[in-house]
Amino acid sequence: MSEIPDYLKRGYITPGELFSIIPKPSEDRLRERPVAVPECPQEIPCAPCREVCPTGAINMPTPNDLPVVDYDKCIGCSLCVQVCPGLAFFMVQYVGDRARITMPHELLPLPERGETVVLLNRAGEPVGRGKVVTVVPREKSRGDTPIITVEVPMELAWDVRAVRVEG
Ligand code: SF4
Ligand code: SF4
């Protein structure tokens with residue numbers, strides 16, 4: 001019987017573990033435009049991300065395979081982030097000395113554009129503060145998840161994956 005990976009026992013994956021499973025986008029690519037990165041390490045029968053992608057950037061031969069993004073084909077449309085039922089897709093872009101992280105945000109209230117929010121890592125721990133730069137509310141006809149984009153210090157680009165709105 002194969003050993004259960006640490007990230008499954010822990011309940012979240014570290015950046016090092018993630019990039020041992022999928023390739024990390026290059027810095028040049030991260031500076032060019034937003035790029036979608038799946039954090040979906042379990043082989044579960046699920047594929048709405050692949051179905052919604054307009055450019056065929058998400059490689060997944062069968063719904064049981066892990067999604068792997070062809071970063072050159074990704075246009076940063078964010079549909080995979082909105083449609084993923086597991087809240088497992090994110091987008092990252094490097095802008096100057098900051099990083100912009102696009103993430104699902106299911107909890108109410110939704111923050112407002114320009115609002116300062118508490119940045120949370122994958123364990124749900126506060127790691128700093130950042131500014132919300134875009135908010136896309138739920139697309140009612142499809143029931144998609146609301147998404148937000150938050151600007152964070154560069155050193156937190158691969159740690160921040162949620163926010164807390166202080167209201
Ligand atoms: S952001 Fe758009 S183009 Fe990129 S992988 Fe997701 S759905 Fe495909
Ligand atoms: S939609 Fe989300 S949970 Fe389903 S395979 Fe894609 S990334 Fe994984």
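The values are calculated or read from the model by the stated rules, or taken from the named source; none is laboratory data. Remember, it's a predicted structure, so these values are computed and weren't measured experimentally. Glycine gets a Cβ as well: all are built from the backbone with ideal geometry, and neighbour counts include every protein chain shown.
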Quick count over the stretch 75-85, residues being within 14 Å of ligand 1 (Cβ to nearest atom) and in a loop (DSSP other than H, G, I, E, B), is 5
Those residues of the stretch 45-103 which are of a type in the set (Lys, Arg) and either more than 12 Å from ligand 2 (Cβ to nearest atom) or modelled with pLDDT under 95 (or both) amount to 73, 98, 100
Has the stretch 104-113 got at least one residue that is more than 16 Å from ligand 2 (Cβ to nearest atom), over 22 Å from residue 157 (Cα atoms), among the hydrophobic types (A, V, I, L, M, F, W, C) and out of contact with any helix residue (DSSP H, G or I) (no Cβ under 9 Å at 6 or more places or on another chain)?
yes
Taking first residues from the stretch 71-99 that are farther than 12 Å from residue 52 by Cβ and touching a residue at least 40 places away in the same chain (Cβ under 8 Å) and second residues anywhere that are of a type in the set (Asp, Glu) and more than 9 Å from ligand 2 (Cβ to nearest atom), the pairs with Cβ under 8 Å that are 6 or more apart or on different chains are 87/106; 94/27; 95/151; 98/151; 99/151
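From 129, 113, 138, which residue is surrounded by 14 or more Cβ atoms within 10 Å (Cβ to Cβ), assigned to a loop (DSSP other than H, G, I, E, B) and without any contact (Cβ under 8 Å) to a residue 24 or more places away in the chain?
On the way: 129 fails: assigned to a loop (DSSP other than H, G, I, E, B); 113 fails: surrounded by 14 or more Cβ atoms within 10 Å (Cβ to Cβ).
None of the others qualify; the one that does is 138.
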With the condition kept exactly as written, say whether any residue in the stretch 57-74 is near ligand 1 (Cβ under 7 Å from one of its atoms), assigned to a helix (DSSP H, G or I) and β-branched (Val, Ile, Thr).
no
In the stretch 7-30, anything surrounded by fewer than 16 Cβ atoms within 10 Å (Cβ to Cβ) and assigned to a helix (DSSP H, G or I) is listed as 8, 9, 10, 15, 16, 17, 27, 28
Across (1) in a loop (DSSP other than H, G, I, E, B); (2) within 16 Å of ligand 1 (Cβ to nearest atom), residue 123 clears everything bar (2)
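Say we look at the stretch 1-49 and pick out the residues that are acidic (Asp, Glu) and free of Cβ contacts under 8 Å to residues at least 12 places away in the same chain; which of these is farthest from residue 76 (Cα to Cα)?
Among them, the one singled out is 3.
Just to be sure, is residue 110 out of contact with any Cys (no Cβ under 9 Å at 6 or more places or on another chain) and away from ligand 1 (no atom under 13 Å from the Cβ)? Break it down stepwise before answering.
On the way: out of contact with any Cys (no Cβ under 9 Å at 6 or more places or on another chain): yes; away from ligand 1 (no atom under 13 Å from the Cβ): yes.
In short, yes.
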Taking the stretch 31-56 and keeping residues part of a helix (DSSP H, G or I) and within 9 Å of ligand 1 (Cβ to nearest atom) leaves 49, 50, 52
